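**Student:** Dropping the structure in here first, questions after.
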Amino acid sequence: AAGPGSAAMSLGGTLSILRSDSYAELSQYRDQHFRGTRYDQERLLRKSCTLYVGNLSFYTTEEQIHELFGKSGDIKKVIMGLDKVKKTACGFCFVEYYARGDAENAMRYINGTRLDDRIIRTDWDAGFKEGRQYGRGRSGGQVRDEYRQDYDAGRGGYGKTVQ
Amino acid sequence: AGQPHKRRRTSEPSEIEERLESLICRVGEKSNSSLESNLEGLAGVLEADLPNYKSKILRILCTVARLLPEKLTVYTTLVGLLNARNYNFGGEFVEAMIRQLKECLKVNMYNEAVHLVRFLSDLVNCHVIAAPSMVAMFENFVSVTQEEDVPQVRCDWYMFAFLSSLPWVGKELYEKKDAEMDRLLSQTESYLKRRQKIHVPMLQVWTADKPHPQEEYLDCLWSQIQKLKKDRWQERHILRPYLAFDSVLCEALQHNLPPFTPPPHTEDSVYPMPRVIFRMFDYTDDPEGPVMPGSHSVERFVIEENLHCIIKSHWKERKTCAAQLLSYPGNNKIPLNYHIVEVIFAELFQLPSPPHIEVMYTTLLIELCKLQPGSLPQVLAQATEMLYMRLDTMNTTCVDRFINWFSHHLSNFQFRWSWEDWSDCLTQDLEKPKPKFVREVLEKCMRLSYHQRIIDIVPASFSVLSPANPVCIYKYGDESNRSLPGYTVALCLTIAIKNKASNDEIFSILKDVPNPNQDDDDGEGFTFNPLKIEVFVQTLLHLAAKSFSHSFSALAKFHEVFKTLAESDEGKLHVLRVVYEVWKNHPQMIAVLVDKMIRTQIVDCAAVANWIFSSELAHDFTRFYIWEILHSTIRKMNKHVLKIHKELEETKARLARQHKRRDSDDDDDDDDRSTDREDGPLEEQIERLQEKVESAQSEQKNLFLVIFQRFIMLLTEHLVRCETGGIDVFTPWYKSCIERLQQIFLQHHQIIQQYMVTLENLLFTAELDHHILAVFQQFCALQA
């Protein structure tokens, strides 16, 4: 085990190639509905313990999400994403951890792996607010399912416009 | 996309430092020229930069020596070239390294200190350091074994630092100072003979010596060095770029290491724990590929060290880590995939804990499979098969990790596996390790998917091992149960809750529930009424059964009722019992409910510990989920203590800052009179927090004592029963139980160290059965 951080500093610090942590960095995505400045949003993203999880199957349950994301630490809350009209799962969720370090590990090791046979994607979230559990697509689900051209059995078949 | 910031005046030098660091760290990468010519070029660049950036270059090179041990010989060559061009710089570098080594030892950074020692020793090969002075340093290291009243782990470290440098420099040192080296080696031998190894059984992944002995790490290294000596120190695996520069380097003047006295042992010294070397492969496992170096060959040691170092360097970047592992040099001369898989499992199964979070290894293996789809999955399958075959002697904690890894891995590959190959487990007693393993794996697979999926993926013959359908069991659900006491109240409650009743309404409904313990009624306020608890908890959990979120909402909404019903210790225990009765088919639900109840203080940690050891849970005692719950409970307790402690320290710091401000503002017009007023409340806060910390620490100690006590009772019962019945002690249950006790010690060793005196005097006394006492003694030996 490494010694305390302050000792590492007196020893000449570390090397930037070893500091690289690309999986835990912020992505380019910024929530357009966020209330506040870009700066506010980024500040919140950098200290957030909440992850957005996307590309879930509509049939993936809270229990499955809890089991998978529990591998990187204790989960405080899972909030399932819902179709605004039908109030059924529409393929995304939020996972909130007690500690940011646990969320970072989820970004490093659970992002880009499979849940229900689908590669899921995680990203930092500025924090859950009431209303954000609903899809923002015209039909009630997620925007990506509005215009999708391909057939996805786990996400209601064809995109809404195709349907 | 960040915030725009002003261009700082100091940006130029730091840019140069970044450039230098990058040049040095990436030397040889992505280049069409050879490593040697890259090193030559870099040496030229750095030599030219020395007049202006010497201290930065020194810092970078020292840091690289400490943090990139997998590229040791690349950087010793670089230092060798620089020393040949600039003798003074070489001297300053050696001095800086010695300073760094002393600093590392002072702050207990022993793993990094080993890298520094190895670097220094390889500098002998680069003509930077004179061999006799290196031997002298090693003589001081080995003489630590003569110190009296020091922990064995201290002597171990100095011995390890000496021995583990010999693959790099043994030949050169022996050529220059054979008599001294022989003396050192003979002192080593006698130390290794007399050191105690009580700790070994606690750290072995397998208790069996076949097919590969699980050796203590110093014993293994000693065998490797002895073999190296027998081979006249010929070592052919390590890449040595300095050989190409021999003509230049041998012209260089060498430096003598200053005499190095190992810093004395202090109370604050914490040395690395001993290890057992994990071996699962040998040359017979890959008959068609290159020959795997034997377990006592020094090549094996070097390969494993380097692969472990690569993981340590790149654990956060899984793609880089996988790529770096697969591009380890010597690819066609060694069965690299086998080495990689063995090293990864060595870390995953390491006792007490893996160096990194378990899930990292699962994802790393998946990345490796992606990069080598034609070969690595087969090695991994072979490894899985071997691990399965050896389950009978695998440590229970390691089996836990195997279960977690395998189920998670399968969930990424559509659960495809040749289950029929494991049909042998179907004829065994379900408590035996193999069928137990398959059951637990299938249960975990279900958690990551759903019940029907698991039924579909296994052959019909495996249904006996398939997990139960995770449905809730509501005892008041059926009309046929209407004769049960409390049935009508349950119906009443159900209607009330569906109609959004308040806590008060619930209380009044529950008033009608008779108390089967009527005679125990102490007449004061709320007494423990198990039937009330049963009716309420059964009904509520049944109504909220739909999902975790529903259940959590229920716990939150009726928190007041829970707190009141579970006020006494018996109440808490009974709540847990009812939760189990309702959800025994859904262990995952039990775990999350227990977690929530602890966090909302409906039950406390001691109640959970007592519940786990209660007779009602005896049937599930060896199931994995029980131990997940217990360890999660202990972790919550530990985090709670740390949190309050941190709060206390922060408040003390605030008070100190306040005093400082007041002292420095004494002469000024202090507008802020509030500092005087703030002092009182802060001091009160500190007092309160101090009490809180003490109470939390006492609760924490009590938790461990309860757990140890219950283990001792349970194990003693079993041992006595076996002795009087004349049956073999070593049943599958016993193996599981004694290893679970070991697991408590290992997983929480830092906290438990605080209780050694109490444990020795109160619980693990000489009267205890030697089977149980041995576990305690092994634990004591870990830091002895």
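**Student:** Taking the conditions exactly as written (closer than 22 Å to B:E172 by Cβ, touching a helix residue (DSSP H, G or I) at 6+ places or on another chain (Cβ under 7 Å), among the β-branched types (V, I, T) and modelled with pLDDT of 95 or more), does B:V94 satisfy them or not?
**Tutor:** So B:V94 does not fit the description; no.
**Student:** Out of curiosity, is B:T266 β-branched (V, I, T), surrounded by fewer than 17 Cβ atoms within 10 Å (Cβ to Cβ) and within 25 Å of B:V94 (Cα to Cα)?
**Tutor:** No; evaluated as a whole, the condition is false for this residue.
**Student:** Continuing with this model, one more query. In the range B:371-402, what residues are in a helix (DSSP H, G or I) and polar (S, T, N, Q)?
**Tutor:** B:Q378, B:Q382, B:T384, B:T393, B:T396, B:T397
**Student:** For residues that are closer than 23 Å to B:L543 by Cα, crowded, with 18+ Cβ neighbours inside 10 Å and within 14 Å of chain A (Cβ to nearest Cβ), tally how many sit in the range B:451-487.
**Tutor:** Here the count works out to 2.
**Student:** A further question on this structure: Return a yes/no flag: does the range B:195-210 have any residue that is modelled with pLDDT of 95 or more and more than 29 Å from the chain's Cα centre (by Cα).
**Tutor:** No: zero hits.
**Student:** Let me confirm something: among B:H645, B:H640, which residue is closer than 30 Å to B:V579 by Cα, assigned to a helix (DSSP H, G or I) and not assigned by the TED database to the domain that holds B:N404?
**Tutor:** None of the others qualify; the one that does is B:H640.
**Student:** Let me ask something else about it. Restricting the search to the range A:57-81, which residues are closer than 16 Å to A:F128 by Cβ and either more than 7 Å from every other protein chain (Cβ to nearest Cβ) or touching a His at 6+ places or on another chain (Cβ under 9 Å) (or both)?
**Tutor:** Passing the criteria: A:I65, A:F69, A:I75, A:K76, A:K77, A:V78, A:I79, A:M80, A:G81.
**Student:** Read through the list (1) crowded, with 18+ Cβ neighbours inside 10 Å; (2) at pLDDT below 95, then give the number of the only condition that B:E431 fails.
**Tutor:** For B:E431, the failing item is (1).
**Student:** For the range B:617-632, give me each residue that is surrounded by fewer than 19 Cβ atoms within 10 Å (Cβ to Cβ), part of a helix (DSSP H, G or I), away from every other protein chain (no Cβ under 13 Å) and not acidic (D, E).
**Tutor:** Listed by number, the residues that qualify are B:L617, B:A618, B:H619.
**Student:** May I ask you to say which residue of B:V107, B:V94 is aliphatic (A, V, I, L, M), in the same structural domain as B:L58 (by the TED database) and more than 28 Å from B:V27 (Cβ to Cβ)?
**Tutor:** Testing whether each residue is aliphatic (A, V, I, L, M), in the same structural domain as B:L58 (by the TED database) and more than 28 Å from B:V27 (Cβ to Cβ) leaves just B:V107.
**Student:** Considering only residues of the range A:110-128 that are touching a residue at least 60 places away in the same chain (Cβ under 8 Å) and not in a loop (DSSP other than H, G, I, E, B), which is farthest from the other protein chains (Cβ to nearest Cβ)?
**Tutor:** So, considering only residues that are touching a residue at least 60 places away in the same chain (Cβ under 8 Å) and not in a loop (DSSP other than H, G, I, E, B), the one farthest from the other protein chains (Cβ to nearest Cβ) is A:D125.
**Student:** Considering (1) in a loop (DSSP other than H, G, I, E, B); (2) exposed (fewer than 14 other Cβ atoms within 10 Å of the Cβ), say which one B:P211 fails and leave the rest.
**Tutor:** (2)
Quick grid of which residues meet (1) surrounded by fewer than 17 Cβ atoms within 10 Å (Cβ to Cβ); (2) within 14 Å of chain A (Cβ to nearest Cβ); (3) over 24 Å from B:H718 (Cα atoms); (4) out of contact with any Leu (no Cβ under 8 Å at 6 or more places or on another chain):
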| residue | (1), (2), (3), (4) |
| --- | --- |
| B:S614 | yes, no, no, no |
| B:I634 | no, yes, yes, no |
| B:H645 | yes, no, yes, yes |
| B:L655 | yes, no, yes, no |
| B:S664 | yes, no, yes, yes |
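**Student:** Another question, if that's okay. State which residue is modelled with the lowest pLDDT when the search covers only the range B:16-65 and only residues that are part of a loop (DSSP other than H, G, I, E, B) and touching a Leu at 6+ places or on another chain (Cβ under 7 Å).
**Tutor:** By that ranking, first place goes to B:G28.
Yes/no per residue for (1) assigned to a loop (DSSP other than H, G, I, E, B); (2) within 14 Å of chain A (Cβ to nearest Cβ):
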{"residue": "B:W233", "(1), (2)": "yes, no"}
{"residue": "B:S247", "(1), (2)": "no, no"}
{"residue": "B:L253", "(1), (2)": "yes, no"}
{"residue": "B:M273", "(1), (2)": "yes, yes"}
{"residue": "B:T284", "(1), (2)": "no, no"}
{"residue": "B:P287", "(1), (2)": "yes, no"}
{"residue": "B:S295", "(1), (2)": "yes, no"}
{"residue": "B:L307", "(1), (2)": "no, no"}
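**Student:** Please work out if B:R154 is among the charged types (D, E, K, R), modelled with pLDDT of 95 or more and over 15 Å from B:T73 (Cα atoms).
**Tutor:** Numbers: among the charged types (D, E, K, R): yes; modelled with pLDDT of 95 or more: yes; over 15 Å from B:T73 (Cα atoms): yes.
Spelling it out, B:R154 is indeed among the charged types (D, E, K, R), modelled with pLDDT of 95 or more and over 15 Å from B:T73 (Cα atoms).
**Student:** State all residues of the range B:585-633 that are more than 17 Å from B:L705 (Cα to Cα) and among the acidic types (D, E); if no residue qualifies, say none.
**Tutor:** Across the range B:585-633, the qualifying residues are B:D595, B:E616, B:D620, B:E628.
**Student:** Residues to consider are A:G101, A:G131, A:G140, A:G154; find the one that is more than 11 Å from chain B (Cβ to nearest Cβ) and closer than 30 Å to B:L364 by Cα.
**Tutor:** Working: A:G101 fails: more than 11 Å from chain B (Cβ to nearest Cβ); A:G131 fails: closer than 30 Å to B:L364 by Cα; A:G140 fails: closer than 30 Å to B:L364 by Cα.
Of the residues listed, the single one that is more than 11 Å from chain B (Cβ to nearest Cβ) and closer than 30 Å to B:L364 by Cα is A:G154.
**Student:** Take the range B:326-360 and flag every residue that is part of a helix (DSSP H, G or I), within 12 Å of another protein chain (Cβ to nearest Cβ) and either free of Cβ contacts under 8 Å to residues at least 40 places away in the same chain or surrounded by 22 or more Cβ atoms within 10 Å (Cβ to Cβ) (or both).
**Tutor:** B:V359, B:M360
**Student:** Out of (1) among the small types (G, A, S); (2) touching a residue at least 24 places away in the same chain (Cβ under 8 Å); (3) surrounded by 19 or more Cβ atoms within 10 Å (Cβ to Cβ), what's the single condition that is false for A:G70?
**Tutor:** Every listed condition holds for A:G70 apart from (2).
**Student:** Next question, about the same structure. Restricting attention to the range B:361-397, and to residues there that are farther than 30 Å from B:W627 by Cβ and among the polar types (S, T, N, Q), which single residue is surrounded by the most Cβ atoms within 10 Å (Cβ to Cβ)?
**Tutor:** Applying the filter and picking the extreme gives B:Q372.
**Student:** Only residues that are of a type in the set (A, V, I, L, M, F, W, C), more than 11 Å from the chain's Cα centre (by Cα) and under 17 Å from A:C49 (Cα atoms): list them for the range A:88-127, please.
**Tutor:** Selection gives A:A99 alone.
**Student:** Within 15 Å of B:Q204 (Cα to Cα) and surrounded by 17 or more Cβ atoms within 10 Å (Cβ to Cβ): is that true of B:D400 in this structure?
**Tutor:** Yes, satisfied.
**Student:** Criterion first (within 18 Å of B:E305 (Cβ to Cβ), surrounded by 16 or more Cβ atoms within 10 Å (Cβ to Cβ) and within 31 Å of the chain's Cα centre (by Cα)) does B:R275 satisfy it?
**Tutor:** yes
The values are calculated or read from the model by the stated rules, or taken from the named source; none is laboratory data. Computed from a prediction, not measured in an experiment: that's the story for all the values here. So basically every Cβ, Gly included, is an ideal-geometry build from the backbone, and we count neighbours across all protein chains shown.
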